[in-house]
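Below is one structure, written out as structure tokens; comments come after it.
The values are calculated or read from the model by the stated rules, or taken from the named source; none is laboratory data. Just so it is clear, the model here is predicted, and its values are computed rather than measured. Note: ideal-geometry Cβ built from the backbone for every residue, glycine included; neighbour counts use all protein chains shown.
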């Protein structure tokens, strides 16, 4: 009788765990963070600006985004849910080390196209002005698309792709009101977990006070590597080399991208 009771209790426990896991099947949670560090030639609490110059206006920080979503289609990875963004400055050990970026609602389709070595993912993010910077320039709302793709070159270890961002800022009275960003790259896969990556990052923005259309605000080369430490955790350290300015150790930035799938 005692053995039967133990078996019954264990069955109920495993059933509860299975039910809880099943209930979470349609939920998605991930976190991304980019650490903008100092330059190779000057280890300090200052990062580089868009021209490779260290400045107190660009402290080292973690630019972090957390997305929680309900999956409308689990197989195709189509979902919608809240998107939270914030900065963390590790050199400022106080409550002010955390500052809000703009929060919003994101809809995504991570397998818009997934065939013959080609993967295209799309997303649309509606943001409200939860950051001081956006409030100070009177932003009403912003709409951002972040499509990306990659393509495996035949049966080789080479892959080409690109990250991108197109963003409109409604109602702003200063700064940029349109942003166009892309980072095309090529990678060489050494193993299932490790690859060498070479990217070229550029951004063109339109400013409220400008009359010259879109202007280049950032252009840099990013050599680095990608490491899938586990199936859920990805690490991508890289350098930022500014070819249109003076290239030196003091203008070469260090950065690390972290990606983690939680659910």
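Could you look through segment 234-244, keep only residues that are within 22 Å of residue 45 (Cβ to Cβ) and over 17 Å from the mean Cα position of the chain (by Cα), and pick out the one that is surrounded by the fewest Cβ atoms within 10 Å (Cβ to Cβ)?
From segment 234-244, those within 22 Å of residue 45 (Cβ to Cβ) are 237-242; that's our starting set.
Checking which are over 17 Å from the mean Cα position of the chain (by Cα) leaves us with 241-242.
On the way: 241: 18, 242: 21.
Going through the qualifying residues, I end up with 241.
Residue 70 - would you say it is within 17 Å of the chain's Cα centre (by Cα) and assigned to a strand (DSSP E or B)?
On the way: within 17 Å of the chain's Cα centre (by Cα): no; assigned to a strand (DSSP E or B): yes.
Considered against the rule, which asks whether it is within 17 Å of the chain's Cα centre (by Cα) and assigned to a strand (DSSP E or B), residue 70 comes out as no.
Taking residue 222 as the residue in question, decide whether it is surrounded by fewer than 15 Cβ atoms within 10 Å (Cβ to Cβ), modelled with pLDDT of 95 or more and closer than 23 Å to residue 196 by Cβ. First the steps, then the outcome.
Values: surrounded by fewer than 15 Cβ atoms within 10 Å (Cβ to Cβ): no; modelled with pLDDT of 95 or more: yes; closer than 23 Å to residue 196 by Cβ: yes.
Taking the combined requirement at face value, the residue does not satisfy it.
Pick out the one residue from 183, 189 that is under 19 Å from residue 121 (Cα atoms), at pLDDT 95 or above and surrounded by fewer than 18 Cβ atoms within 10 Å (Cβ to Cβ). Step through it out loud before you land on a result.
Details: 189 fails: under 19 Å from residue 121 (Cα atoms).
Matching residue, one of 183, 189: 183.
Run down 197, 186, 113 and say which single residue is over 27 Å from residue 100 (Cα atoms) and either touching a residue at least 40 places away in the same chain (Cβ under 8 Å) or touching a helix residue (DSSP H, G or I) at 6+ places or on another chain (Cβ under 7 Å) (or both). Steps first, please.
Values: 186 fails: either touching a residue at least 40 places away in the same chain (Cβ under 8 Å) or touching a helix residue (DSSP H, G or I) at 6+ places or on another chain (Cβ under 7 Å) (or both); 113 fails: either touching a residue at least 40 places away in the same chain (Cβ under 8 Å) or touching a helix residue (DSSP H, G or I) at 6+ places or on another chain (Cβ under 7 Å) (or both).
Residue meeting the stated conditions: 197.
Please work out which one of (1) surrounded by fewer than 18 Cβ atoms within 10 Å (Cβ to Cβ); (2) within 21 Å of the chain's Cα centre (by Cα); (3) modelled with pLDDT under 95 is the condition residue 259 fails and give its number.
Looking at each condition in turn, residue 259 falls short on (3).
Out of all the residues in segment 112-136, which are out of contact with any strand residue (DSSP E or B) (no Cβ under 7 Å at 6 or more places or on another chain) and either in a strand (DSSP E or B) or surrounded by fewer than 17 Cβ atoms within 10 Å (Cβ to Cβ) (or both)?
Initially, segment 112-136 is screened for residues out of contact with any strand residue (DSSP E or B) (no Cβ under 7 Å at 6 or more places or on another chain), giving 114-116, 129, 132-136.
Answer for segment 112-136, where residues must be out of contact with any strand residue (DSSP E or B) (no Cβ under 7 Å at 6 or more places or on another chain) and either in a strand (DSSP E or B) or surrounded by fewer than 17 Cβ atoms within 10 Å (Cβ to Cβ) (or both): 114, 115, 116, 132, 133, 135, 136.
Determine which member of the set 179, 231, 167, 144 is under 19 Å from the mean Cα position of the chain (by Cα) and not in a strand (DSSP E or B). Before the answer, list the steps.
Working: 179 fails: not in a strand (DSSP E or B); 167 fails: not in a strand (DSSP E or B); 144 fails: not in a strand (DSSP E or B).
Every option except 231 fails the conditions.
Could you tell me whether any residue of segment 87-94 is under 22 Å from residue 34 (Cβ atoms), in a strand (DSSP E or B) and in contact (Cβ under 8 Å) with a residue 24 or more places away in the chain?
Yes, that holds for at least one residue.
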